[in-house]
Amino acid sequence: MGFDGKVALVTGASRGIGRAIALELGSQGARVAVNYLHQSAAADEVAKAITEAGSEADTFQADVGDFAQAEKLVKAVIERFGDLQILVNNAGITRDGLIMTMSEHDWDDVIRTNLKATFNCSKPAVRHMLRQRYGRIINITSVSGQIGNAGQTNYSASKAGQIGFTKSLAREVASRNITVNAVAAGYIDTEIWETVPENLREGMVGLIPLGRKGETADIAKAVAYLASDQAGYITGHVLSVDGGMAMA
């Protein structure tokens, strides 16, 4: 598909799905802003891999759940690279627990990091994209936001919120050649997956029609397609990459 030097900001890009997305976009020629919260060494490794592959990358520390920091991040990326065409809202956390034992803090923390951060980064990015009459915004949501998951009322609510946000923003900015889409990830082989007990993992895989967990590359390639000009007539869409879990 190729991105010909377009600038992409990927939030939460130091590990897991975000890392895979940053590397995929970089491998196709995008100049990548690698956002991280704590893992600076891991973010540096991602940026180094992109530059060694022949593109350009830099790291940017910011807590995107904080509006002022997110706004400053977008401004810093534009100042560093001179533009911003692609925003991938990937940063996210889990604080699982049944609602009877879930603390208010765990609810607020997940909503702040997963949903509010999507607003925080999108608002300043859209401001820039409107002026240039071009943009691609991709929000990383989850199968949990589509069908729910016991023990994840906070996470599922945040991810369902991202889906509603995606569809609404897509309608707002479509006339300016800005597309807004979401990728709903299923059970993906990340650090979080490894923390799930093996017996539960087996049960979870049993819910997947394709009979296997996904890889981070599966999500990254879907994001790259939605960020490309080939997907220019797709907006407000939720692309499920989940092995068939949420099929209607």
Does at least one position in segment 161-170 carry a residue that is more than 18 Å from HIS237 (Cα to Cα) and either crowded, with 20+ Cβ neighbours inside 10 Å or modelled with pLDDT of 95 or more (or both)?
no
In the set ILE219, ILE192, ILE208, the lone residue that is of a type in the set (Val, Ile, Thr), part of a helix (DSSP H, G or I) and either at positive phi or at pLDDT 90 or above (or both) is ILE219
Enumerate the pairs (first residue in segment 211-222 and under 7 Å from ASP189 (Cα atoms); second residue anywhere and of a type in the set (Phe, Trp, Tyr) and buried (at least 16 other Cβ atoms within 10 Å of the Cβ)) with beta-carbon separation below 8 Å, excluding pairs fewer than 6 apart on the same chain, so at least 6 apart or on different chains.
LYS213/TYR187; GLY214/TYR187
Within segment 46-92, which residues are touching a residue at least 60 places away in the same chain (Cβ under 8 Å), in a loop (DSSP other than H, G, I, E, B) and not hydrophobic (A, V, I, L, M, F, W, C)?
GLY82, ASP83, GLN85, ASN90, GLY92
Among the residues of segment 40-54, write down those that are small (Gly, Ala, Ser), exposed (fewer than 15 other Cβ atoms within 10 Å of the Cβ) and more than 15 Å from ALA8 (Cβ to Cβ).
SER40, ALA41, GLY54
Of the residues that make up segment 80-93, is at least one farther than 18 Å from PHE60 by Cβ and either hydrophobic (A, V, I, L, M, F, W, C) or in contact with a strand residue (DSSP E or B) (Cβ under 9 Å, 6 or more places away or on another chain) (or both)?
yes
Pairs, please: C-beta under 6 Å, at least 6 apart or cross-chain, first residue touching a residue at least 12 places away in the same chain (Cβ under 8 Å) and in segment 107-130, second among the acidic types (Asp, Glu) and surrounded by fewer than 22 Cβ atoms within 10 Å (Cβ to Cβ)?
PRO124/GLU71
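The values are calculated or read from the model by the stated rules, or taken from the named source; none is laboratory data. These numbers were taken from a predicted model, which means no experiment stands behind them. Note that we place each Cβ from the backbone using ideal geometry, even for glycine, and neighbour counts take in every protein chain shown.
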